[in-house]
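Every number in this text was worked out from the coordinates using simple rules, so none of it is lab data. In this text the structure is predicted, and so the values were computed from the model without any measurement. Glycine gets a Cβ as well: all are built from the backbone with ideal geometry, and neighbour counts include every protein chain shown.
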């Protein structure tokens with residue numbers, strides 16, 4: 001095993017660490033900067049969520065007047081989707097994918113740096129609305145005509161500009177990931193030996209490449225409407241307000257899978273390692289990932305069932321069907337744990353928390369797929385509950401699992417497991433207490449995106465419960481940041497392979513040298529490091545003649 | 001402590017939360033629960049039945065899968081470092097959990113499709129037609145409107161229909177409907193997208209500018225039910241409420257006749273010696289006059305001209321009533337029309353006037 005401490009080549013020059021980080025093209029440093037940026041935006045988005053929950057804890061105005069309230073939920077959604085989950089998953093992808101495929105860096109390191117640096121600047125652009133007369137307030141969906149110049153101010157323009165930039169970053173990074181995965185795999189790393197995380201990043205970036213340009217076009221059309229007298233979405237001048245929804249959701253539904261597929265990949269890395277078994281049904285899992293990617297482009301109008309402008313049966317059946325490959329994954333994960341030797345580390349606990357929460361978000365989907373039920377629950381708190389079970393119970397839990405799992409590889413230090421387990425307990429309970437009551441609120445008729453409700457509506461108790469839950473989530477996140485703080489002050493205690501893991505990133509030092517690998521183990525399966533440690537005897541599938549060579 | 005109890009103890013939080021979530025849901029019968037509010041329409045009962053079916057299947061899957069997760073966590077905790085059997089897959093198991101869910105969702109789809117056909121069915125001749133106009137941030141409900149409204153997106157019920165209901169202040173209009181009759185709602189948007197939602201109907205339909213959406217509904221249970229806009233439409237989204245009172249045919253007819261009489265009544269004449277104050281508005285961005293003045297201790301007749309072509313407005317004097325309450329301008333002036341409001345004598349001072357559905361439209365009335 002390579003444990004040599006090599007002198008970095010840059011030591012010959014006397015550059016400050018800050019200069020090194022600002023100018024780096026190293027995929028690992030860029031990955032870490034993505035992750036730090038995403039966590040900072042997570043804090044901002046979280047503060048707005050707490051503001052929203054505080055406002056809703058009682059009838060009347062507590063904290064945010066209707067104007068600020070609309071800005072808060074718009075910016076909360078936009079931030080969490082475009083500036084927390086997407087950059088976070090891009091960050092883990094950046095750090096992990098080249099290591100997992102045995103490459104020295106991404107295919108286009110400087111484009112990679114550009115993709116990253118667009119994110120913080122577009123984020124600042126988005127948030128500058130607060131200082132320039134009001135941030136965007138039309139929801140993260142920004143439906144026209146409410147987002148047109150007649151009804152929305154400067155914040156909407158900043159929103160469009162920021163997200164167009166953010167989209168350019170996504171497109172650049174998608175090209176980069178695809179080139180990396182297709183062209184830079186190490187000898188023996190065939191497509192069907194790619195770690196599942198790499199597969200999910202691959203499919204995600206194909207989705208990004210098809211979906212984001214559509215959104216970018218729509219945003220430019222809206223920008224023309226607002227600033228140059230266009231009327232794409234203005235029915236009074238011959239435009240069509242439903243057109244925006246088609247464009248938005250043609251991006252927006254694949255976007256949901258963009259936010260969750262890499263999370264599936266993370267879970268598929270963590271569960272096998274801590275169950276000490278291979279992922280159950282690797283090929284079925286790859287197939288399910290690809291079919292979700294394909295079907296994901298055929299379900300967009302299920303967000304528009306109540307517009308009276310879409311063909312209901314088609315989008316109903318595709319929405320029902322997409323639950324099948326997702327279900328296959330759920331069963332494969334449980335079968336992976338079955339008869340394993342489970343090691344309940346914090347990462348594993350978050351993976352299990354993901355399974356049990358995402359299950360609820362997934363089952364909710366079957367209700368929304370049924371058009372009559374959707375007529376009742378669309379645009380109520382039911383939908384808010386559903387999407388948070390998917391994006392918080394799903395994506396955010398997976399991000400926490402990834403944080404605990406890969407932190408030692410990134411820093412050489414193991415996060416404190418006791419604090420981690422405390423954090424897991426708080427966050428898991430907080431998730432259920434915050435988001436489950438929203439199902440019930442939606443069923444009893446509470447619409448989403450309202451700043452206030454009547455005292456006699458009967459909604460207050462459950463809202464208080466959800467607010468208490470959201471404060472718990474806030475505490476849980478603070479525990480995580482405390483954990484970062486004390487761990488980074490502590491010694492490098494991780495070693496190369498603290499989890500007894502399977503994939504190549506654990507076959508180098510922690511943190512890895514700038515060129516990643518001193519030498520690579522032979523790659524004969526999707527678990528090269530496992531094969532190295534256990535000799536492959538009776539475990540890896542027998543090699544047929546010629547396989548594994550080029 | 002032996003290992004088994006320790007395992008159980010460690011797993012308690014997980015189990016407790018799952019049980020807790022169910023308990024919260026289950027013990028609140030009558031209040032918000034795991035099922036939608038009881039439907040009061042024929043169409044809503046279809047949705048209710050379908051919901052029960054999907055819920056039952058989802059609950060079974062939930063218990064099965066969540067149970068398997070909990071079991072795996074409890075049963076397969078690591079006890080030694082020996083490598084477990086390295087199972088890579090099982091074709092029969094994988095085929096089963098692909099095909100069985102596929103069959104379930106396809107069956108659900110066909111049941112859902114049948115229910116959808118019944119919920120969305122429309123009769124040739126509805127008994128009552130109501131034209132609902134959604135605007136920022138209220139509703140106008142027109143009764144007895146022309147047939148041409150069926151495909152006219154921009155309409156003016158106050159001008160064309162038997163009568164039009166508007167709200168008072170921020171309280172929305174109060175609809176009355178006969179029970180057991182087929183009622184057609186035709187939905188018109190004056191500005192942005194709204195959504196017509198009555199939770200006890202278990203139904204909503206978007207109110208989209210540039211198109212007329214419609215749906216038929218038969219209310220079966222008498223009572224008064226709250227409705228509200230369900231699509232974000234700006235600052236006053238939360239205030240876009242209305243009520244629906246379902247009553248028997250005779251009561252409905254009497255109510256309808258009274259509304260017609262009220263609509264044809266001539267406005268009350270101005271008080272003698274009143275000071276005439278002219279105010280107008282061209283858009284929902286604000287009044288044309290942001291300041292006005294009037295003599296103290298003299299009755300005032302506000303003549304309000306609504307030049308806005310899309311939305312109705314009024315003039316409401318805040319905290320000007322004898323009891324310190326607001327003087328709400330009733331009725332609203334429809335787009336392109338004018339209205340007059342009689343204001344009792346005011347003491348000297350400054351008063352704020354707003355449009356009661358557009359609190360951002362403000363002006364200062366100086367009384368001296």
Task: the range A:10-147, relative contact order in percent, only Cα pairs under 8 angstrom and at least six apart counted - done: 35 percent
Open item on the list: What do you get for the angle between helix B:249-264 and the principal long axis of chain B? Use alpha-carbon atoms, 0 to 90 degrees, nearest ten.
Closed with: 40 degrees
Open item on the list: Helix A:381-390 against the longest principal axis of chain A: what's the angle in degrees, Cα atoms only, rounded to the nearest 10?
Closed with: 10 degrees
TODO: Only residues of the range A:175-195 count here: report those whose backbone N is under 17 Å from the spot 7 Å along Cα→Cβ of residue A:290, or say none.
DONE: A:178, A:181-183, A:190-195
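Quick one: work out the % antiparallel among DSSP beta bridges in the range B:103-205, nearest 5. Let's see the in-between values first.
Working: 13 of 20 bridges.
So the antiparallel bridges amount to about 65 percent of the total.
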TODO: Go ahead and estimate [θ] at 222 nm for chain B from helices alone: -39,500 (n - 2.57) per DSSP H run with n ≥ 4, summed, over the residue count, rounded to 500.
DONE: -10000 deg cm²/dmol
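Quick one: of the DSSP bridges fully inside the protein assembly as shown, what percent are antiparallel, nearest 5? Don't skip to the answer; put the middle values down first.
Working: 51 of 76 bridges.
Roughly 65 percent of the beta bridges in the protein assembly as shown run antiparallel, per DSSP.
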Task: Within a Gaussian network of chain B (alpha carbon springs, distance under 10 Å), most fluctuating of B:121, B:68, B:82 - done: B:82
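Using a 10 Å cut-off on Cβ to Cβ distances, tally the other chain neighbours for every residue of A:420-426 and report the average as a whole number. Kindly include the intermediate steps, with their values, before the conclusion.
On the way: counts 0, 1, 0, 0, 1, 3, 0.
Partner-chain Cβ atoms within 10 Å, mean over residues of A:420-426: 1.
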- [ ] Quick one: angle between helix B:3-26 and the longest Cα principal axis of chain B, in degrees between 0 and 90, rounded to 10, please.
- [x] 30 degrees
Task: Test item: B:200-208 mean partner chain Cβ contacts at 10 Å - done: 6
Open item on the list: Compute the distance from the alpha-carbon center of the range A:78-120 to that of the range B:250-323, in whole Å.
Closed with: 60 Å
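With r as the distance between the Cβ atoms of residue B:291 and residue A:150 and R0 = 30 Å, compute the FRET efficiency 1/(1 + (r/R0)^6) and round to 0.05. Don't skip to the answer; put the middle values down first.
Values: r = 25 Å, r/R0 = 0.84.
Calculated transfer efficiency: 0.75.
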Open item on the list: Given the DSSP H assignment, sum -39500 (n - 2.57) over each helix run of at least 4 residues in chain A and divide by its residue total; what's the result at 222 nm in deg cm²/dmol, nearest 500?
Closed with: -21500 deg cm²/dmol
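Hey, what did chain B get for relative contact order, percent, Cα under 8 Å, at least 6 apart? Before the final figure, lay out the partial values.
Details: 696 pairs, mean separation 47.7, N = 368.
Worked out over chain B, it gives 13 percent.
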Task: Enclosed volume per residue, in Å³, of the convex hull spanned by Cα atoms of chain A - done: 154 Å³
TODO: Evaluate the relative contact order of chain A (contact order divided by residue number), counting alpha-carbon pairs under 8 angstrom at least 6 apart; express in whole percent.
DONE: 17 percent
Task: Computed log₁₀ I(q)/I(0) - Debye formula, equal Cα scatterers, no solvent, the range A:248-341, q 0.11, 0.19, 0.24 Å⁻¹ - done: -0.38, -0.85, -1.15
Task: Zone of residue A:182's modelled label, taken as backbone nitrogen in the range A:81-125 under 16 Å from a point 7 Å along Cα→Cβ - done: A:107-108
- [ ] Enumerate the residues in the range B:289-313 having an amide nitrogen under 20 Å from the point lying 7 Å beyond the Cα of residue B:348 toward its Cβ.
- [x] B:292-300
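When the chain is fully extended, how far beyond the present Cα-Cα distance does residue A:417 get from residue A:110, taking 0.36 nm per residue of separation?
Values: separation 307, 0.36 × 307 = 110.52 nm, distance 3.63 nm.
Result: 106.9 nm gained on full extension.
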- [ ] Return the single residue from B:106, B:219, B:192 with maximal mean-square fluctuation; model: Gaussian network over chain B, springs between Cα atoms under 10 Å.
- [x] B:106
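Looking only at other chains, what is the average number of their beta-carbon atoms within 10 angstrom of each beta-carbon in B:61-68? Let's see the in-between values first.
Working: counts 6, 5, 0, 0, 9, 4, 0, 7.
That works out to 4 on average.
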Task: At q = 0.10 Å⁻¹, base-10 log of I(q)/I(0) for the protein assembly as shown (Debye sum, equal scatterers on each alpha carbon) - done: -1.13
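Mean 1/r over all different Cα pairs, inverted: what Kirkwood radius does chain B give, in Å?
Values: mean 1/r = 0.0399 Å⁻¹.
Across chain B, the inverse of the average 1/r is 25.1 Å.
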Task: Point-to-point label distance, residue A:475-residue A:220, nm (Cα→Cβ direction, 7 Å offset) - done: 5.0 nm
- [ ] Give the distance, in whole Å, between the Cα centre of the range A:319-372 and the Cα centre of the range A:196-213.
- [x] 20 Å
TODO: Could you pull the Rg and Dmax for the range B:222-368, using just the Cα atoms, both in Å?
DONE: 17.5, 53
Task: Segments B:342-352, A:21-31 sorted - mean Cβ within 10 Å per residue, highest first - done: A:21-31, B:342-352
TODO: For an R0 of 51 angstrom, estimate the FRET efficiency from the Cβ-Cβ distance between residue A:47 and residue B:307 and round to the nearest 0.05.
DONE: 0.75
Open item on the list: Which residue fluctuates most in the GNM of chain B (Cα springs below 10 Å): B:180, B:223, B:44?
Closed with: B:223
Task: At 0.890 mPa s and 25 °C, Stokes diffusion of the range A:38-153 via Kirkwood alpha-carbon radius, µm² per second - done: 153 µm²/s
TODO: Calculate the radius of gyration of the Cα atoms of the range A:144-256 to one decimal place, then report Dmax, the largest Cα-Cα distance, as a whole number, both in Å.
DONE: 18.1, 61
TODO: Count the DSSP beta bridges whose two residues both fall in the range B:217-368, then state the antiparallel fraction as a percent rounded to the nearest 5.
DONE: 70 percent
- [ ] Determine, for each peptide in A:187-194, A:505-512, the mean count of other beta carbons within 10 angstrom over its residues, then list the peptides with the highest first.
- [x] A:505-512, A:187-194
TODO: Extending each Cα 7 Å along its Cβ direction at residue B:111 and residue B:70, get the distance between those two points in nm, one decimal.
DONE: 2.5 nm
Open item on the list: 7 Å from Cα along Cα→Cβ at both residue A:67 and residue A:191: what's the point-to-point distance in nm?
Closed with: 5.5 nm
Open item on the list: I'd like the distance between the alpha-carbon centres of the range A:246-285 and the range A:39-58, rounded to an integer number of Å.
Closed with: 27 Å
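Going highest first, how would you order A:407-416, A:393-402, A:55-64 by mean Cβ packing within 10 Å?
On the way: A:407-416: 21.4, A:393-402: 27.5, A:55-64: 16.4.
Taking the mean over residues of other Cβ atoms within 10 Å, the ranking is A:393-402, A:407-416, A:55-64.
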